[in-house]
Amino acid sequence: MEFPLSFSTTITSIFVGLVIAFLLQTLRTKRLNIVKNQATPQAKGSWPIIGHLHLLSGSRPPQQVLGDMADIYGPIFTIKLGVHQVLVVSSGEVAKECLTTNDKVFASRPKSKAEIMAYNYAMFGLAPYGEYWRQVRKIVMLEILSQRRVEMLGHVRVSEVRASMEGIYEAWLMNKESKGYEKEMKITGKEMDHIIEGWLKNRKREKENGQQQEGDQFFMDVLISVLQDASEEDFVGYDHDTVIKATCLAMITAGSDTTSTTLTWALSLLLNNPNTLKTAQDEIGEVVGRERLVEESDIKNLVYLDAIIKETLRLYPAAPLSVPHESMEDCVVSGYNIPKGTRLLVNLWKIHRDPNIWPDPYEFKPERFLTSQKDIDLKGNHFELVPFGSGRRMCPGVFFALQVLPLALANVIQQFVINKPSNEPIDMSESSGLTVSKATPLEVLIAPRLSDKMYHVGA
């Protein structure tokens with residue numbers, strides 16, 4: 001009589017155990033799904049209509065404000081800018097997930113004032129993802145900013161750097177004040193169009209009249225030649241002249257602004273760190289000497305100069321919040337659901353100062369790129385340092401920039417003694433904007449380091 005009772009009890013216990021296990025697993029699965037599919041943390045302080053805009057309109061640059069918010073909400077959170085939801089990413093790991101795993105999803109750009117200032121989104125850097133963007137980027141990468149084309153135009157870069165150095169030397173000879181660079185953008189899209197339209201007409205006229213020599217072409221001529229046989233259907237919504245003007249405007253504004261801003265920061269850092277400046281000058285003296293000027297072929301041997309460029313871009317990336325992206329469909333990032341139409345800001349300023357990656361992250365230490373971080377490059381492969389972005393919308397001019405920046409900086413510190421106008425440290429405050437300029441102009445005292453014959457004044 002005991003056996004049936006024992007068997008029944010056992011069966012009942014097993015059944016109850018299975019039911020409990022099933023319920024626990026169901027609850028666990030639901031809990032995991034909830035975590036996996038939950039919305040990203042949203043920062044507090046949102047106001048009706050304007051969202052978090054009021055938090056970013058103060059005296060502190062937005063990348064610093066968002067960096068402080070990342071300390072509270074973590075490496076991935078959202079804010080509201082007006083009616084738009086914005087995903088803010090502040091770690092290299094999450095940035096990599098956005099720009100590699102979800103690269104195509106975030107390949108578009110949000111609509112902005114580019115409609116007014118950039119030929120109705122014809123400027124490819126601000127154009128939405130699509131066939132037009134693919135066609136123009138293909139032309140730019142193959143015909144204008146390819147390694148072959150950039151190397152072919154090396155003599156132009158050297159000539160322009162030489163001319164700039166001569167201008168500084170002449171200013172010194174005339175005892176003029178040579179003050180720092182402070183960009184004031186006072187031109188409008190209409191004025192820029194008028195200027196570039198004039199260039200375009202002139203280059204077309206010279207081409208038609210056979211006045212251009214083989215080596216005289218620059219990127220506008222390349223675009224004219226490439227688009228001459230292209231179909232209008234490849235660039236739906238834009239005629240060829242608009243494509244040429246918009247692409248030239250992108251090259252001029254992005255190239256000049258990024259280069260001048262980075263050089264200003266580099267000189268400011270060197271003036272505040274005179275021992276670093278001396279080490280760089282000593283390296284140039286050993287590799288190049290004082291009887292000739294730095295050439296592009298010398299740059300690969302100036303490893304300390306390269307470390308200075310990297311450290312400058314780490315501390316002061318030209319676009320500290322990168323250029324905004326926009327998701328074209330729903331996706332998942334770090335286990336969070338990201339709805340279609342979400343804008344993405346990658347806080348490079350915060351990523352580049354991550355203490356888990358960079359010891360003494362706020363200190364200027366180029367030597368780190370000769371030791372612990374010597375294998376890190378600037379080509380979008382190492383997400384702890386991505387000043388030019390990564391993925392499909394990475395800055396297409398990265399190779400050009402990495403040719404111009406070291407050449408210009410090397411010539412400045414080779415040819416001139418550079419000093420601060422007083423014993424006070426250079427103010428390193430940052431301005432607000434898409435590009436992070438110094439809040440105050442850089443003022444320096446200069447004097448030539450080389451013999452007069454090296455400056456070719458009047459030649």
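Just so it is clear, none of the values below were taken in a lab; they were calculated from the coordinates. Since we're looking at a predicted model, the values are computed, not measured. Neighbour counts are summed over all protein chains in view; Cβ atoms, including those assigned to glycine, are modelled from backbone coordinates with ideal geometry.
Summing charges over all other residues whose Cβ lies under 11 Å from the Cβ of His52, with Lys and Arg as +1 and Asp and Glu as -1, gives +2. In terms of surrounding Cβ atoms within a 10 Å radius of their Cβ, Ser451, Ser260, Ser431, Ser108 rank from fewest to most as Ser451, Ser431, Ser260, Ser108.
Here each label is just a point 7 Å from Cα along the line to Cβ, and for Arg162 and Ser431 those points are 3.2 nm apart. Using the Cβ of Lys350 as centre and a radius below 15 Å, the other residues enclosed give a net charge of -2, where K and R count +1 and D and E count -1. Neighbours of Leu270, meaning other residues whose beta-carbon lies under 11 angstrom from its beta-carbon, give a summed charge of +1 when Lys and Arg score +1 and Asp and Glu score -1. Pairs with C-alpha atoms separated by more than 28 Å, drawn from the list Lys365/Lys453; Lys365/Lys420; Lys104/Lys374, are Lys365/Lys453; Lys104/Lys374.
I need Leu445, Leu407, Leu99 ordered by Cβ neighbour count within 10 Å, fewest first. Walk me through the intermediate numbers first.
Working: Leu445 15, Leu407 22, Leu99 26.
Ranked by crowding around the Cβ, least crowded first: Leu445, Leu407, Leu99.
Footprinting exposure proxy ranking of His456, His352, His155, His325, fewest other C-beta atoms within 10 angstrom first, gives His155, His456, His352, His325.
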